[in-house]
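Here's the structure we're looking at; comments come further down.
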Amino acid sequence: MGGQDKGLVELNHQALIVHVLRALRPQVSEIMINANRNHDEYRKYGYQLVSDELAGFQGPLAGMAAAMNRASTDYLFTCPCDGPLLPEDVVARLYAALDEQDAQIGVVHDGDRLQPVCALIDCRLRDSLSAYLNGEDRKIEHWYRKHRLIQVDFSDKKYCFQNANTPQDLDTLSRYLRDPAQ
């Protein structure tokens, strides 16, 4: 996307973050937006803004850690800002799987691959995540594997985890949003 802030890239005349927020509102009690630039733009949406606490771009885990440090809930649901088709039941299904399997982290598996940023994480893992980030590794899957992890099958909604990484992806998502039967 040429270095653009993907959350603010427009899809059908609305920023990608708007599509994600619309999907999240009925599923969670609190929303935080993790952003490290364009703060004034993100504040316009009316939700708590959380920036990474680590210097330099440290990747998604740094944003998760910052949000966990500010969360007032027992669990933190994370998702990318460029996935506008988020399922209406993603949080409930992840929570049910966590509860059933006594897991600490539930991650979406779309039938083909893990969607590591789309996860429900027990906030009691904040110290573990902080310690992990004090090391050299930044791989989400490596930190996940240190805990009771469950991969939750969303192969029935695989299309919901398409990301807008290129202008062609935006075109595909735009067509889908206009006519889901395509």
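The values are calculated or read from the model by the stated rules, or taken from the named source; none is laboratory data. Note that the structure is a prediction, hence the values are computed from the model and not measured. Glycine also receives a Cβ, built like all others from the backbone with ideal geometry; neighbour counts cover every protein chain displayed.
Could you tell me how many of the residues in segment 98-131 are farther than 20 Å from Ala71 by Cβ and either of a type in the set (S, T, N, Q) or not in a strand (DSSP E or B) (or both)?
Residues in segment 98-131 being farther than 20 Å from Ala71 by Cβ and either of a type in the set (S, T, N, Q) or not in a strand (DSSP E or B) (or both): 8 in total.
Yes or no, residue by residue, for (1) surrounded by fewer than 13 Cβ atoms within 10 Å (Cβ to Cβ); (2) free of Cβ contacts under 8 Å to residues at least 40 places away in the same chain:
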| residue | (1), (2) |
| --- | --- |
| Asp102 | yes, no |
| Val108 | no, no |
| Tyr132 | no, no |
| Tyr144 | no, yes |
| Gln162 | no, no |
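Using the structure shown, decide if Leu177 is touching a His at 6+ places or on another chain (Cβ under 9 Å), closer than 27 Å to Asp5 by Cα and part of a loop (DSSP other than H, G, I, E, B).
On the way: touching a His at 6+ places or on another chain (Cβ under 9 Å): yes; closer than 27 Å to Asp5 by Cα: yes; part of a loop (DSSP other than H, G, I, E, B): no.
No, not satisfied.
Out of all the residues in segment 63-70, is one or more of a type in the set (D, E, K, R), closer than 28 Å to Asp127 by Cα and assigned to a helix (DSSP H, G or I)?
yes
Considering only segment 65-90, state which residues are surrounded by 16 or more Cβ atoms within 10 Å (Cβ to Cβ) and under 18 Å from His109 (Cβ atoms).
Selection gives Phe77, Thr78, Cys79, Pro80, Gly83, Leu85, Leu86, Pro87, Val90.
Which of the residues that make up segment 40-66 are within 14 Å of Leu133 (Cα to Cα) and without any contact (Cβ under 8 Å) to a residue 60 or more places away in the chain?
Let us first name the residues in segment 40-66 that are within 14 Å of Leu133 (Cα to Cα), namely 52-66.
Across segment 40-66, the qualifying residues are Asp52, Glu53, Ala55, Gly56, Phe57, Gly63, Ala66.
The rows are residues; the columns are (1) outside any loop (DSSP other than H, G, I, E, B); (2) closer than 18 Å to Asp153 by Cβ; (3) more than 15 Å from the chain's Cα centre (by Cα).
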residue	(1), (2), (3)
Leu49	yes, no, no
Ala55	no, no, yes
Gln58	no, no, yes
Leu61	yes, no, no
Pro80	no, no, no
Gly83	no, yes, no
Pro87	no, yes, no
Val91	yes, yes, no
Leu94	yes, yes, no
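Step by step: first the residues of segment 30-64, then only those that are at pLDDT 95 or above and hydroxyl-bearing (Ser, Thr, Tyr), then the one that is surrounded by the most Cβ atoms within 10 Å (Cβ to Cβ). Which residue is that?
Per the criteria, the residue is Tyr42.
Filter segment 1-14 down to the residues that are in contact (Cβ under 8 Å) with a residue 24 or more places away in the chain and closer than 17 Å to Asp40 by Cα, then identify the one that is surrounded by the most Cβ atoms within 10 Å (Cβ to Cβ). Please lay out each step first, then the result.
Of all residues in segment 1-14, those in contact (Cβ under 8 Å) with a residue 24 or more places away in the chain come to 1, 5-9, 11-12.
Narrowing the set further to residues that are closer than 17 Å to Asp40 by Cα leaves 5-9.
On the way: Asp5: 17, Lys6: 18, Gly7: 24, Leu8: 16, Val9: 17.
Ranking the candidates gives Gly7 first.
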